[in-house]
Amino acid sequence: MSLTYERYEFKKFIKELKSKVGRGTELISLYIPPGRNVYDVVKYLRDEYDQASNIKDKLTRKNVQSAIESIIQRLKLYRKIPENGLVVFCGAIPQGKDRGTEKIEIYVIEPPEPVRSFQYVCDHEFYLEPLEEMAREKKAYGLIVMDRGGGVIALLRGSNYKILNWVSSDIPPKHSAGGQSQRRFERIREERVHDFFKRLGIRANEAFLPIEDELEGIIIGGPGDAREKFEEGNFLDYRLQKKVVANIPLSYTEEQGVRELIIKAEDLLKESTLYKEKTLVEEVFRLLARESGKVAYGIHEVETALMNGAAEKVLILEDIPVKKIKIRCSQCGYEEQRILRKDREVLLKDWKCPTCGATIYESEEVDIIEYLGELGKQTGAEIFVISSDTEWGTQLRALGGVAAVLRYETRE
Ligand SMILES: [Zn+2]
């Protein structure tokens, strides 16, 4: 999954499940790997059902058994466990403050990645770690920026880079005295360079080997020739050495060098989320400059474009600064929807029903990304959720946090 709306939905679903807490140890999480026989799983659940009869607390016992029964009923609809396995969450979720208001809720999903092992967990909350692991952005690039003065080890994941380690060197600067002492000095210097490369290699191995499978590549860069000597000298573990995809000359070291490396390695990083996001936002701004009729921006324009089926791609900032609110008159049931800036609450204070004049209402906040995402699904638009803590995130924020590339020009 990349930065698409599906990923956002999946993360949101996990968050929702996370908010559900049972009164007792009575929420069941069931992870079924692909290839497992449905009949065997049902048999396993029947055993758990029988064991649950030992639970002392009467209501907990009833809730656990009802949950198991619901899962069995649901599993019977499957002749075969789907390709990636199946994950089921089921349990009695309190609907109010009092004991006894619980209702059995069940969620069955076919996960985006294969379930690795069979797990049955009964706890007061759902066991979500394997799902969270699936939702995590995995594609990553290892970055090493260095010269003889020191090195930085960084990781580019999703739309962000993170510095993992700094390695300093204690190499004396070259000096020009001749003769015997100069030769000895050179030898000492060479030893220290070697020692520094070795330490840098060890640190890089420590940082990258544990995530070897997730690394799409390692990119080295820096001023001078130290970066080449480092790569040629095989200071990296052989498994990482194989992953080095480029070695790029830079003007800067340290964090500035890391940023320079990311820019210069653009071609290699094209598949990364970072560049996909950047490219999408750039496309919007390029169109704005040349064919502004092919872009809609701001929540109202984009909403209209989606409703008319004119939007082809929609870019939404992950923390878009607007929210959608549904208002319902408590007296006559009149309904309206409003889009407000997140920092403005006051507007609603003077709300008055246009039909009956009542001032009492119920309101409900609608997740705006979900709202736009659903509109997009209905009209065949692609929805992208853009990270907010980047340069292009900031550019998108300047357009109200949402923009759409249109299928055809809609304005003069
Ligand atoms: Zn009313």
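With a cut-off of 8 Å between alpha carbons and a minimum separation of six or more residues, what is the relative contact order of the chain in percent? If you can, show how the numbers build up before the last one.
On the way: 716 pairs, mean separation 59.8, N = 412.
The value is 15 percent.
How much length is gained on full extension from ILE188 to ARG259, taking 0.36 nm per residue of separation minus their Cα-Cα distance? Working shown, then result.
Numbers: separation 71, 0.36 × 71 = 25.56 nm, distance 3.27 nm.
Gain on stretching ILE188 to ARG259: 22.3 nm.
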>> Could you compute the net charge surrounding THR25? Neighbours are other residues with a C-beta less than 10 Å from the C-beta of THR25; K and R count +1, D and E count -1.
In response: -3
> Using Cα-only point scatterers and the Debye equation, what is log10 of I(q)/I(0) for the stretch 193-233 at each q in 0.19, 0.21, 0.25 Å⁻¹, rounded to two decimals?
Replying inline: -0.63, -0.74, -0.95
> How much length, in nm to one decimal, is gained on full extension between GLU206 and ARG239, taken as 0.36 nm per residue of separation minus their Cα-Cα distance?
Replying inline: 10.6 nm
> Using θ = phi - 60° and the Karplus curve 6.51 cos²θ - 1.76 cosθ + 1.60, what whole-Hz ³J(HN,Hα) does each residue of the stretch 251-256 get, with Gly and Pro shown as x?
Replying inline: 8, 10, 10, 6, 5, 4
> Using mean Cβ contacts within 10 Å as the protection proxy, how do 387-396, 161-170 order, highest first?
Replying inline: 387-396, 161-170
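Which shape class, rounded, prolate or oblate, goes with the stretch 140-270 when its Cα gyration tensor gives a ≥ b ≥ c as root eigenvalues, a/c under 1.5 marks rounded, and past that a/b bigger than b/c marks prolate?
Numbers: a/c = 2.46, a/b = 1.88, b/c = 1.31.
Taking the square roots of the gyration eigenvalues as a ≥ b ≥ c, the stretch 140-270 is prolate.
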> Check ILE383: other-chain or 5+ apart residues with amide H under 5 Å from its amide H, H built from backbone geometry?
Replying inline: TYR5, VAL314
> Over the Cα atoms of the stretch 62-167, Rg to Rh with Kirkwood Rh, two decimal places?
Replying inline: 1.23
> Taking a Cβ-Cβ separation under 4.7 Å as the criterion for a possible partner, which cysteines of the chain have none?
Replying inline: CYS90, CYS122
>> List the residues, sorted by chain then number, that are 5 or more residues from TYR361 or on another chain and whose placed amide H is less than 5 Å from its amide H.
In response: SER330
>> For the stretch 12-84 and the stretch 242-264, what is the centre-to-centre distance using only Cα atoms, to the nearest Å?
In response: 50
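Which of rounded, prolate, oblate describes the stretch 5-135, given a ≥ b ≥ c as roots of the alpha-carbon gyration tensor eigenvalues and a/c under 1.5 marking rounded, otherwise prolate only if a/b is larger than b/c? Each step should come with its number before you reach the end.
On the way: a/c = 2.16, a/b = 1.22, b/c = 1.78.
Verdict is oblate for the stretch 5-135.
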>> If R₀ is 35 angstrom, what is the calculated FRET efficiency for the pair VAL42 and GLU271, using the beta carbon separation as r and rounding to 0.05?
In response: 0.25
> Let a ≥ b ≥ c be the square roots of the eigenvalues of the Cα gyration tensor of the chain; is it rounded (a/c under 1.5), or, if not, prolate (a/b larger than b/c) or oblate?
Replying inline: oblate
>> Residue by residue through the stretch 153-162, what is 3J(HN,Hα) from phi via Karplus (6.51 cos²θ - 1.76 cosθ + 1.60, θ = phi - 60°)? Round to whole Hz and write x for glycine and proline.
In response: 10, 9, 10, 9, 9, x, 9, 10, 10, 9
> Counting other Cβ atoms within 10 Å, which trypsin sites (Lys or Arg not before Pro) in the stretch 98-140 have at most 10 and lie in a DSSP loop?
Replying inline: ARG99
> Using the per-residue mean of other Cβ atoms lying within 10 Å as a proxy for protection, in what order, highest first, do the peptides 10-20, 273-283 fall?
Replying inline: 273-283, 10-20
>> Give me the percent relative contact order of the stretch 1-88, please, defined on Cα pairs under 8 angstrom at least 6 residues apart.
In response: 43
> Which one of CYS332, SER292, ALA403 is farthest out on the positive end of the charge dipole of the chain, using unit charges on Cβ (Lys, Arg +1; Asp, Glu -1) and the Cα centre as origin?
Replying inline: CYS332
> If you line up the long axis of helix 38-52 against the longest principal axis of the chain, both from Cα atoms, how many degrees apart are they, to the nearest 10?
Replying inline: 70
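No value in this document is a laboratory result; all are computed from the given coordinates. Computed from a predicted structure; not experimentally measured. Reconstructed Cβ throughout: ideal geometry from the backbone, glycine too, with neighbour counts over all protein chains shown.
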